[in-house]
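Here is the structure we will look at, set down as structure tokens.
The values are calculated or read from the model by the stated rules, or taken from the named source; none is laboratory data. Treat the numbers as computed from the prediction; the structure is a model and nothing was measured. Note: ideal-geometry Cβ built from the backbone for every residue, glycine included; neighbour counts use all protein chains shown. Just so you know, the surface numbers come from the protein's heavy atoms only, side chains and all, with ligands and any DNA or RNA stripped out. Shrake-Rupley method; radii C 1.70, N 1.55, O 1.52, S 1.80 Å.
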Amino acid sequence: MSNIDPLLPRNAAFAASDVWHNTPRLPFLPHKGLYVITCIDPRVDPFEFLGLEFADAIVGRTVGGRVTPAVIQDVAYIGYLVESKAPEGPYFEAAIVHHTDCGSGLLADEHLRHGFSERTGYDDHMLADLPVLDPAATVRADVERLLSDPRISPHITVSGHVYDVHTGLLTTIVEPVSPVDARATV
Ligand SMILES: [Zn+2]
């Protein structure tokens, strides 16, 4: 018995609906032009807190919503797909969302972090960079990290936001910036 089994009737209802017929022209051109990068925390579901509907956004989730090398690779790839297959766009906005009370903050506890590092072999210094303790600060850093990576399409934009798990409200910290403009101001 899989935990998925009790949900299969919901899937049958979904399949019987016409929701999934509303697909974008190309799967890498989501309806709302959004690529949301956020935490894996189940309380931090962008389809709920942004009222997203089917195929409205691409969503990438990591611990803390941190911009990891894998996230950069994915954003670079989707940007390249748009450049190659739909150069007229529309290009997406990569919206990075960090949140309050993030479980990644537990990695700031040296004892816990060292234990995880020993258990897994992950570099302790790399892990020490991950905790989201001040989401407004870390989201600014991750917007910068994504904007400054030359593999990212110059046609996209990147924005930064904080979601408060105690109010349900999203606050914009960094308005959308294009990598071209970001490089011009450095
Ligand atoms: Zn989190």
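Using a 1.4 Å probe on the protein chains only, how many percent of the accessible area of the chain belongs to carbon and sulfur?
That share works out to 57 percent.
For the chain, what's the relative contact order in percent, using C-alpha pairs closer than 8 Å and at least 6 residues apart?
21
As a test question: what accessible area, to the nearest 10 Å², does Phe49 have when a 1.4 Å probe is rolled over all protein chains in place?
40
With a cut-off of at most 16 other beta carbons within 10 Å, and DSSP calling the residue loop, which GluC sites (Glu not before Pro) in the stretch 1-107 qualify? Please list them.
Within the stretch 1-107, the qualifying GluC sites (Glu not before Pro) (loop, at most 16 other Cβ atoms within 10 Å) are Glu53, Glu88.
In vacuo Debye scattering of the chain, one point per C-alpha: log10 I(q)/I(0) at q = 0.14 Å⁻¹?
-0.87
Ranked highest first by average number of other Cβ atoms within 10 Å, how do 137-143, 103-109 line up?
Put in order of decreasing packing, that is 137-143, 103-109.
Work through the residues other than Glu53 whose Cβ is under 14 Å from its Cβ and net out their charges, Lys, Arg +1 and Asp, Glu -1.
Once all neighbours under 14 Å are counted, the net charge is -3.
Would you mind checking the radius of gyration and Dmax of the stretch 1-107 based on alpha-carbon positions, in Å?
That works out to 15.9, 47 Å for Rg and Dmax.
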